[in-house]
Structures are given as C-alpha cells and as structure tokens.
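The next block holds one structure in the form of structure tokens; read it before the comments.
The values are calculated or read from the model by the stated rules, or taken from the named source; none is laboratory data. What you are looking at is a predicted structure, and each value in this text was computed from that prediction instead of being measured. Cβ placement follows ideal geometry from the backbone for every residue including glycine, while neighbour counts extend to all protein chains displayed.
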C-alpha cells in the first residue's frame, strides 16, 4: 500500500507541474507530457515488471486529473509499460543516447496520438514536430544532468 501511495503522489506532483507549464509552452507549439515521461521513467527504473492492470489504473487516474477522454492515458500507459517490459533486457545493452531517443520518440508518439484524439479538426503538424524535437532534447538534457548529478536522479520511489 505504501508503494502505491508513493506512485500516486509522484504522478500527482508531475501532473500538477505539467498542468501549470502547459499554457506557457503551448504559446510556442510545445507539448511536454511530463506525467507520461515520469511514468515511463518509473517503469524503466523499477526492479520488477509492472502489471497491465496497474498501468491501466494509473492511466485512468491521470485521465481523471487532466480531464482527457476516459481511457486515453490508460491505453497509452499500458502500451508504454508493455514495450518497456518487453525490451527490458535490450535496454541493458543500449547507450544512454539510444534510451533517450526511445523515450523522446515515445513522448512524441504520445503527443501525436493525444492530439489526434483530442483535436481531430485542429490537428497541427507544427505542434507535433516542435514537440518531438523538444521532447527528445528534454530527455537528453535530463540524462546529461543525471550523469553530472547522480544523487538527485537516482530515485528509489
């Protein structure tokens, strides 16, 4: 129970930060899915595999907080959990750059899919392209920071 509460608090804090910076970044055609990236990071750093039910429930929680269509984040969280659990052994031989590219492209896919569902008549390729570059650079910067300041980013949540 304690572990689940830590996960919920972690996702809630990321959700709060994401909601607060979303309006500022949207002026520059950037969508930064901090909740999705934080959840992906958490699944990647976990010692054991996550179950699909747990991923689905956390996705429903994020849907409730953000006000998205019910089940949108749940499906995307299940997909990223499945792909991270499937390639967990392959990630051990990847370089940091390859892992950053994986998470950056998965964040770009998340942005593209959510924008396609939420803004079907107002879909913007500019937002998708700029957000993709920004998310990849953001993941690379986080990795560089974690290599220079390892105590900050070695979270055992």
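For the structure I just gave you, tell me whether residue 123 is in contact with a helix residue (DSSP H, G or I) (Cβ under 8 Å, 6 or more places away or on another chain), without any contact (Cβ under 8 Å) to a residue 40 or more places away in the chain, farther than 16 Å from residue 38 by Cβ and outside any helix (DSSP H, G or I).
yes
Restricting attention to the stretch 22-44, and to residues there that are in a loop (DSSP other than H, G, I, E, B) and over 19 Å from residue 102 (Cα atoms), which single residue is nearest to the chain's Cα centre (by Cα)?
The residue in question is 29.
Do you know which of the residues in the stretch 65-96 that are in a helix (DSSP H, G or I) and at pLDDT below 90 is surrounded by the fewest Cβ atoms within 10 Å (Cβ to Cβ)?
Top of the filtered list is 89.
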